[in-house]
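Here is the structure we will look at.
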Amino acid sequence: MKKTTILTMVVVCGALALALPDWKKPLNAAYPTVKFALWTDLARKGDGVTDSLTIGSGCPALTTKFGVGSMRLYDNGSFVLARYDSNLVPSIYSGSWYLQDNAKSTKKVNPDDGSWALPGSVGTIYLILNTVSLGDLFSELDASALAKCQTKASLAGMTQWDIMDPSVLVKKSSMVFKTIKDKRNPPSLFRNTVTATLQMSGKQQNDAKGTLDAVGGFSFKTTIKGQWIDCQSTPPSGTDSAVINAIDNIKTQFCS
Amino acid sequence: MKTIPMLTAAVMSVSMALATSSVFAATPVHTMATGAATQTLVVSGGCKTLKTTDTVTVTFFDDDTYTIVDSSAATVLQGTWSRVDSGTSKYTLYMSPAVFAPDPNTDRNATPPAAGTLEDFVSQLQIVGDSNCEVKFPGRDVNFVQPSSLVKKSSLVVTTKNNEGILTVQVKGKQTNNFYKDGTIVKPGSYSVTLTIKGTVT
């Protein structure tokens, strides 16, 4: 039953919302409003966060497929991204975003089939992390990479693996918003999907061979696949009440 | 060739540079005092390629920050740097421009990007690019999409034999314009800029 599916989705999303960070809004009129929200729904095939870190210096590569992430994009051009570890502890990053509309991607949603996806602006969103957030990300990668290196017997004594921040070049930092008919999660429902990619490479310093500050390379790619909603759009007239309720629940959880 | 400063909004950038005076409290480690700079700006959609030249000063400080200042004393770029030696014949100074992009707690209207941040650099390029594109498209506009701007290269390679250095900064990104249709700027395009600075590094 389509309605049952919608209610099931809401329950899953509710459980996920409890783990979202409490971003405290200051009491000032200049604080922006959420325009788009995105999240990963672990009940849906394909959703999740995947990290691939090529460490270099003889260390094995690190791939993490734990999949929880969420994001709020504000109407003043700022965003906040939360990535969660296996203990659901979030790492918070921020920066700027811009939506470049895709003329081919606007779909009309049929409210009669239980679709909850909202029509609206879709396309490619460009993202740029600020310097502080990039530094935080690099620090986390430093720790993860060193720990991975130390799992190799010959490198168990390593004490240094540090990204040389100024050497890092971001190759890709964007996400694609779409509204699709999802055949992998029957019954077929239109849903708003998002794929976000951050890809970078640069230099790192290490003591893999016993001498400090040897220079090597690294590359990192993270992909977030999930759902999104336009927090400032409303369902078209004639939309089923169960669909409206589902949308309202999503907005309550992710758009505040 | 007419020489013009890198920045057309020099007054605004200089006043902002004063707010970052703490950078100049650090001690210079490397300096290119009179770098011959060439900036090439390409805006897709039919604009003529714009090439400008200037004499700039590039300074690398012991607090791991750097500045590129043009002949009008405006900060073109600022950020952090680190050095990698390639044997004894040359070394490379990797340079990463500061990115402002504040979180939602910052009132963006009250706190604009400081001079020399990537946002400021792209904003200045947009002013110059828009003016250049108006030669072919009078009354039309182009907007450079800040978050799409990626630094493709940003480093200074110095040959130790003669201390000659070549600094290259390359940034590419998206832009939107209304060159061929009046009204809201919607047509997507791209832009790229290459800044090359040559000189002696002390």
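The values are calculated or read from the model by the stated rules, or taken from the named source; none is laboratory data. Since the structure is predicted, the reported quantities are computational estimates derived from the model, not experimental observations. A quick note on method: Cβ atoms are made from the backbone with ideal geometry, for glycine too, and the neighbour counts reach across all protein chains shown.
Taking the criterion of being more than 14 Å from chain A (Cβ to nearest Cβ) and under 15 Å from the mean Cα position of the chain (by Cα), would at least one residue in the stretch B:177-192 satisfy it? Within the stretch B:177-192, one or more residues are more than 14 Å from chain A (Cβ to nearest Cβ) and under 15 Å from the mean Cα position of the chain (by Cα). If you filter the stretch B:121-143 down to residues that are out of contact with any Asp or Glu (no Cβ under 9 Å at 6 or more places or on another chain) and more than 16 Å from B:Gln39 (Cα to Cα), you find that the one that is nearest to the other protein chains (Cβ to nearest Cβ) is B:Phe137.
Looking only at residues of the stretch A:136-182 that are of a type in the set (S, T, N, Q) and more than 14 Å from chain B (Cβ to nearest Cβ), we find that the one that is farthest from the chain's Cα centre (by Cα) is A:Ser154. Name the residue, out of B:Asp182, B:Asp130, that is of a type outside the set (S, T, N, Q) and farther than 25 Å from B:Gly116 by Cβ. After ruling out the rest, the residue left standing is B:Asp182. Taking the criterion of being buried (at least 21 other Cβ atoms within 10 Å of the Cβ) and β-branched (Val, Ile, Thr), would at least one residue in the stretch B:167-177 satisfy it? Yes, the stretch B:167-177 has at least one match. Looking only at the stretch B:37-55, residues that are of a type in the set (A, V, I, L, M) and either at pLDDT below 95 or in contact with a Gly (Cβ under 6 Å, 6 or more places away or on another chain) (or both) come to 2 in all.
Residues that are surrounded by fewer than 17 Cβ atoms within 10 Å (Cβ to Cβ) and either more than 29 Å from B:Asp63 (Cα to Cα) or free of Cβ contacts under 8 Å to residues at least 60 places away in the same chain (or both) occur at least once in the stretch B:156-163. If you go through the stretch A:187-228 and keep only what is in a strand (DSSP E or B) and of a type in the set (A, V, I, L, M), you end up with A:Leu189, A:Val194, A:Ala196, A:Leu198, A:Met200, A:Ala214, A:Val215, A:Ile224. Exactly one residue out of B:Pro104, B:Pro188, B:Pro147 is assigned to a loop (DSSP other than H, G, I, E, B), buried (at least 17 other Cβ atoms within 10 Å of the Cβ) and without any contact (Cβ under 8 Å) to a residue 60 or more places away in the chain, and it is B:Pro104.
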